[in-house]
Amino acid sequence: MSRNKKWIWFGIGAVFSITLPMMVSNPYALQFFINMLLFAYLATGWNIIGGYAGQMALGNGVYFGIGAYVSTVLFVYENLSPWVGMVLGGGVAAFIALLMGRMTFRLSGSYFSLSTVAVLHVIRLFVLSSNRLFGYETRGAQGIYVPWRGQSFLNMQFEGKTEYYYIILAFFVIGLFISWWIKTSRMGYYLAAINTNQEATSSLGVNVMGMKLKASCISAFMTALGGSFYAQFIMMVDPSRVLGYDLSVQIMLYAAIGGRGTLAGPVIAAFLLAPLNDLLRAVFGTTVSGLSLVFYGLALMLIIYFIPQGIWPYVSEKLKEMKGSAK
Amino acid sequence: MSIYLQSLIDGLLIGGVYATIAVGLSLAFGVMRIINWAQGELLMISMFISYWIFTKFGIDPYLIIFLTSAVMFGIGYLLQNTVLSNILARETAREPVSVLLFTAGLGMFLSNGVLALVGSNPVSVITRYSGKMIQAGDIYISLPKLISFVIALICTLALYFFLQKSEMGRAIRATAQNRRIATLMGINQKKIYNIAFGISIALVGLSGSLLLPYYTVSYSIGATFSFKSFVIVVLGGKGSVVGALAGGLIVGIIEKFGGLIFSDTYAQMGVFIIFVLVLLFKPNGLMGEKEM
């Protein structure tokens, strides 16, 4: 694709996404798009450690939960703005990613994946069974409701959904930019090399552990910010919503279906699949819960079987082939 | 004192069934280097099949084990023969990530499929021997738990001797040690993989029927069991039947003792923390062999 064409597409995307809330007045429909952007953002965050660096982390939900809990607790009990709270939450998440990474990056392949799930379960069970955490009342499985303190940007509370849409759009754009920047920078090449052959990369003098830790911390920070946003948006946190194992798999699944290690893959898959959940709920009602996850599971199996590299690498390759034959 | 002995026995009894589930996982992990992320969900399916047969036809769960293990063997064999083998053939890495992703998708599909079909209500069965206890002094032993434990133990030991003594068992172990050399020795690798994975899933099928008489089943129990099995495999060292047996018993005991002294949630956390510690300090398991 020529450079000009790329900018045209970019322009169309920008105009469409900015004017969308003006075209869509139904708040329910806008929620579709908020969900899409949130999951595209989360999958992009996962992709940095899981795609670029090839470390199959299956517990990224833990950072989502940390972000959600930290900003919410500080907002509810200390009256601290969620904007500050989410940065603190991101810091905590990055710190935990650092600790975890130092311990678990030595493990190979499946063992690493297992250890990330184990840590997720430990933290989930810990939150689930504690009524107080660090002196703040978190009420275990019940979770915390975020009180309404009036519409204000500082409180990240709005009566409509339009503002939330713009916030997550900004998150998404910044996240995508970070992902692009990492991919095209020296770090991206190092990560790709680690993904291909860790021993060879290490023997060339690349600090493999340092690179993985850096990628993991960035990924954790991004995911935590998403968690903070989600908590403000739905106005509550509880362990099953923000610390679930299913959520972790879902984040990973978009990236795996779209194409691990590509910039656009996770975004495309999230845009295609995330609305399915809302759509099915709209069609069948809440009586058929779990139906969207049935489709997600099926989609993952089919993609891994037929096009293991993911949708986006496959499609872009086919497009190139078509162009080649047209000439 | 007797309360501790009681916990010890309860832990051993449930641990025996955990071990049978984990032995299957361990076998697949050892032979094919794949982690079956859907192990627990397949267990859940087996429990639902057993439940359905019991309520429809009134057949005793301990007789259903023949059916469930045969059916699940077939499912495992076919899954490996038609799907997983193709995915594995493309993989060059030693521990294929795509199989992990595929089975994660399968697990999600199965658990939520059951949720959509039968709902989230947990179900359990009442048999003639439900709630029957054997009293020995101050100790009470649940009869169904004891029967399940004994059957699980017999099957695990049978598998051990099958792997040690039989021609097929030796071929499976040879493939686990070095698949290239095993192929050179005239072992049909594809067939071995099919059978190993079939056995792995058959053990899950068996365990499902064994758990049903005293365990409540719902769509969501799979993930818990998957993870417990991973813990046990890591404790015991991958591919080791005896290790998995020991690991299963250890996890069962930790759960019951942790539940007695602290709470069930803390006991669960304890299992996961021990898992991470073992991974970090003894990655080949407590009794695993060194990697070649």
- Message: I need a count of the residues in segment B:248-259 that are within 14 Å of chain A (Cβ to nearest Cβ) and crowded, with 22+ Cβ neighbours inside 10 Å.
- Response: 2
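Table: residues versus (1) touching a residue at least 12 places away in the same chain (Cβ under 8 Å); (2) at the interface with chain A (Cβ under 9 Å from one of its Cβ atoms); (3) closer than 23 Å to B:Thr68 by Cβ.
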position	(1), (2), (3)
B:Ser207	yes, no, yes
B:Ala244	yes, no, yes
B:Met269	no, yes, no
B:Ile274	yes, no, no
- Query: Going through segment B:44-60 one residue at a time, which ones are closer than 30 Å to A:Pro308 by Cα and more than 14 Å from chain A (Cβ to nearest Cβ)?
  - Reply: B:Ser46
- Message: Take A:Asn155 and tell me if it is open to solvent by 10 Å² or more (accessible area, probe 1.4 Å) and within 14 Å of another protein chain (Cβ to nearest Cβ).
- Response: no
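Which one of these is under 17 Å from the mean Cα position of the chain (by Cα), open to solvent by less than 10 Å² (accessible area, probe 1.4 Å) and aromatic (Phe, Trp, Tyr): B:Phe29, B:Phe48?
Values: B:Phe48 fails: open to solvent by less than 10 Å² (accessible area, probe 1.4 Å).
Testing whether each residue is under 17 Å from the mean Cα position of the chain (by Cα), open to solvent by less than 10 Å² (accessible area, probe 1.4 Å) and aromatic (Phe, Trp, Tyr) leaves just B:Phe29.
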- Query: What's the number of the condition A:Met209 fails, among (1) buried (at least 16 other Cβ atoms within 10 Å of the Cβ); (2) in a helix (DSSP H, G or I)?
  - Reply: (1)
- Message: Just to be sure I understand the filter: pairs with C-beta atoms under 6 Å, separated by 6 or more residues or on different chains, first member in segment A:87-114 and free of Cβ contacts under 8 Å to residues at least 24 places away in the same chain, second member surrounded by fewer than 18 Cβ atoms within 10 Å (Cβ to Cβ). Which pairs pass?
- Response: A:Met103/B:Leu280
- Please state which of the following conditions B:Ala89 fails to meet, knowing it meets all the rest: (1) in contact (Cβ under 8 Å) with a residue 12 or more places away in the chain; (2) part of a helix (DSSP H, G or I); (3) within 20 Å of B:Gln189 (Cα to Cα). (1)
- Inspect segment A:309-320 for any residue being facing chain B (nearest Cβ under 9 Å) and within 27 Å of A:Gln55 (Cα to Cα) and give the result as yes or no. no
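Take residues that are surrounded by fewer than 18 Cβ atoms within 10 Å (Cβ to Cβ) and more than 18 Å from the chain's Cα centre (by Cα) and tell me which of the helices (runs of 4 or more DSSP H) falling wholly in segment A:227-327 contain 2 or more. Steps first, answer last, please.
Working: elements: A:239-242, A:245-258, A:265-284, A:291-306, A:311-326.
Hits in segment A:227-327: A:265-284, A:291-306, A:311-326.
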- Task: Go through B:Leu79, B:Leu63 for me and flag whichever is within 14 Å of chain A (Cβ to nearest Cβ), in a helix (DSSP H, G or I) and open to solvent by 10 Å² or more (accessible area, probe 1.4 Å).
- Result: B:Leu79
- Looking only at segment A:162-198, which residues are among the basic types (Lys, Arg) and surrounded by fewer than 19 Cβ atoms within 10 Å (Cβ to Cβ)? A:Arg186
- What number of residues in segment A:59-93 are surrounded by fewer than 24 Cβ atoms within 10 Å (Cβ to Cβ) and hydrophobic (A, V, I, L, M, F, W, C)? 9
- Item | Unique residue being basic (Lys, Arg), open to solvent by 30 Å² or more (accessible area, probe 1.4 Å) and closer than 26 Å to B:Ile34 by Cβ when the list is A:Arg132, A:Arg102, A:Arg106 | A:Arg106
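The values are calculated or read from the model by the stated rules, or taken from the named source; none is laboratory data. These numbers were taken from a predicted model, which means no experiment stands behind them. With ideal geometry, Cβ positions are generated from the backbone for all residues, glycine too; neighbour counts draw on all protein chains shown. To get the accessible areas, we keep the full protein, side chains included, count just its heavy atoms, and leave off ligands, DNA and RNA. Shrake-Rupley method; radii C 1.70, N 1.55, O 1.52, S 1.80 Å.
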